[in-house]
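Trainee: First, the structure itself, so that you have it in front of you.
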């Protein structure tokens, strides 16, 4: 069974709590970090005025510094075994930078197939451009061959899923309800437009189809869907986040799937 993603997000929350107590982000001892921890950490550092001590580990320090670099906006990849790209602010210019991730990961041929991998990233990115009103957004994908999985994460610092739905006049109880409803019903801030079904289709494809894990954190809510063994069912965990150490300004979507994975038929989950 693939390790859950919630613990990786909790790791970011723990780092942020420690920094708030100490008055400084001292990351000097950080020697390993997953996309689900790195992206919210880097996003927070971008908006924070708090002093920052970089990791001594050069690879981890490089990931974080890349999030501060304008070079990623022009399509540069971090010079390491991990691709991390910043999405351009203007919709329609993202294909070039996403192409870097596709090529780096052999177009997802071992991640459920090329169609599934590109659908995953394209739908997550499209939702950001359509709904989030972001200032900064990043995509990161990393393969852990020894651990047997691939992790893909995308983050934005926009208005959150709940904020988007409420802005469109839709009633949701709270941020957990907003996330759960897009996963369950495919609701969208575009109303009858079908774009909202992209996240739901992605979640089904990568849990039911590929036996993986999906985590969405947005504002003060988080929902994790995970395929469980030996039951063979998808478990849903809801998390109500309170306080500055747990909630997120914007939205994080993370996926873990087995590596290598057999090809899945995208149309089975998008019809």
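Taken together, the values in this text are just the output of simple stated rules run on the coordinates, not laboratory data. All values reported here derive from a predicted model rather than from experimental measurement. Neighbour counts are summed over all protein chains in view; Cβ atoms, including those assigned to glycine, are modelled from backbone coordinates with ideal geometry.
Trainee: Which parts of segment 1-34 would a label at residue 228 reach, counting a residue when its backbone N lies under 15 Å from a point 7 Å out along Cα-to-Cβ?
Mentor: The answer is 1-6.
Trainee: Now a separate question. If you average the alpha carbon positions of segment 22-43 and of segment 142-189, how far apart do those two centres end up, in angstrom?
Mentor: 22 Å
Trainee: Put a dot 7 Å past each Cα toward the Cβ at residue 265 and residue 50; how far apart are the dots in nm?
Mentor: Using points 7 Å along Cα→Cβ, the separation is 4.9 nm.
Trainee: Next up: Take residue 109 and residue 28, extend 7 Å from each Cα along the Cα→Cβ direction, and tell me the distance between the two endpoints in nm.
Mentor: So the two model labels end up 4.6 nm from each other.
Trainee: Right, here's the next one. Just one of (i) 18.6; (ii) 19.8; (iii) 19.3 is Kirkwood radius over Cα pairs in Å as worked out from the coordinates here. Which one is it?
Mentor: (i)
Trainee: Once label points are set 7 Å from the Cα along Cα→Cβ at both residue 249 and residue 122, what is their separation, rounded to one decimal in nm?
Mentor: 3.3 nm
Trainee: Just need the relative contact order of the chain here, percent rounded to a whole number, with Cα pairs under 8 Å and 6+ apart.
Mentor: 20 percent
Trainee: If I take every Cα pair under 8 Å that is 6 or more residues apart in segment 136-248, average their sequence separation and divide by the length, what percent do I get for the relative contact order?
Mentor: Worked out over segment 136-248, it gives 17 percent.
Trainee: Here is a follow-up. Is the shape of segment 12-166 best called rounded, prolate or oblate, per the rule: a/c under 1.5 gives rounded, else a/b larger than b/c gives prolate, else oblate, with a ≥ b ≥ c the square roots of the Cα gyration tensor eigenvalues?
Mentor: oblate
Trainee: Under 13 Å from a point 7 Å along the Cα-to-Cβ line of residue 133: which residues of segment 219-251 have their amide N that close?
Mentor: 250
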